[in-house]
Amino acid sequence: MSRSGSGRAAFSALLSRAYRQWRRAADLRLQPYDLTEATWLPLLRISRAPIPLRQKDLASSLFVDNSSVVRLLDSLEAAGLVKRREGEDRRARIIVLTARGRAIADKVETVARKVRIDALAGLSDKDIETAIRVLEHVCRALDAAEEMA
């Protein structure tokens, strides 16, 4: 295998490893709050949204199907973290955080910020910008391939 080919293979393996380690670091720091990625990631997506998300938008952002997000929201709603309401379009329900959900999302944001600071410590802004550019390229390529499939 060429040097370039082995570098490309190493890139994909390292990207996958970094993703798993990043999520694991967050999961470990969120254990005291009895949260796993299945619960904290949707709370972050909902809290960061500039407008209330519809169920299908949350499903899309989490890369899960609508039936999976319905079960997830049932669980979050039973825990008192979210509420589903009718949106302007009565066919589409929106998701809002409860006061308890907002408090938990704020804790998750604090942990996420700490994980990010720790993981990126020692990297220059130029290195971060380069990594962002590379990852955006990878995402665009994968999006295009998915659309063609």
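The values are calculated or read from the model by the stated rules, or taken from the named source; none is laboratory data. For clarity, every value in this text was computed on a predicted model and none was experimentally measured. Positions of Cβ are generated from backbone atoms using ideal geometry, with glycine treated the same way; all protein chains shown enter the neighbour counts.
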- Query: Is the stretch 44-61 home to any residue that is among the small types (G, A, S) and in contact with a Ser or Thr (Cβ under 9 Å, 6 or more places away or on another chain)?
  - Reply: yes
- Scope the stretch 18-39; condition surrounded by 11 or more Cβ atoms within 10 Å (Cβ to Cβ) and either modelled with pLDDT of 90 or more or of a type in the set (D, E) (or both); matching residues: A18, Q21, W22, R23, R24, A25, A26, D27, L28, R29, L30, E37
- Note on the structure: Residues of the stretch 80-95 being at pLDDT 90 or above and surrounded by 15 or more Cβ atoms within 10 Å (Cβ to Cβ), in sequence order, are L81, V82, K83, R84, I94, I95
- Query: in contact (Cβ under 8 Å) with a residue 40 or more places away in the chain, under 30 Å from Y33 (Cβ atoms) and part of a loop (DSSP other than H, G, I, E, B) - does that describe any residue in the stretch 122-134?
  - Reply: no
